Amino acid sequence: MLYRRMLRATGDHAASENLVQEVAIRLVQRPPLDASEARLRTWIHVAARNLIVNN
């Protein structure tokens, strides 16, 4: 799901893979304080959107 979102935004498979990996790294380095499923999903999508905008 996240990969497809990145692929739609970038149009590039390699860039999409790199962005998904960057989201995973950010999740490990700075996890959200409240790790409930809904909040975690929101956090992941916000991080993904921020990466898309900044790249």
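Laboratory data are not the source of any read-out in this text; all were calculated from the coordinates shown. On a predicted model such as this, the values are computed, not experimentally measured, just so you know. Reconstructed Cβ throughout: ideal geometry from the backbone, glycine too, with neighbour counts over all protein chains shown.
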Check: Name the pairs whose Cβ atoms lie under 7 Å apart, with the first residue in the stretch 33-51 and touching a residue at least 40 places away in the same chain (Cβ under 8 Å), the second of a type in the set (Lys, Arg) and assigned to a helix (DSSP H, G or I), and 6 or more positions between them or separate chains?
Finding: Ala48/Arg5
Note to self: Of everything in the stretch 1-32, what is touching a residue at least 24 places away in the same chain (Cβ under 8 Å), farther than 13 Å from Asn55 by Cβ and not charged (D, E, K, R)? Give them in sequence order.
What the structure shows: Leu2
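Name the residues in the stretch 29-53 that are over 12 Å from the mean Cα position of the chain (by Cα) and either surrounded by 12 or more Cβ atoms within 10 Å (Cβ to Cβ) or not small (Gly, Ala, Ser) (or both), would you? Before the answer, list the steps.
Initial filter on the stretch 29-53 (over 12 Å from the mean Cα position of the chain (by Cα)): 29-39.
Selection gives Gln29, Arg30, Pro31, Pro32, Leu33, Asp34, Glu37, Arg39.
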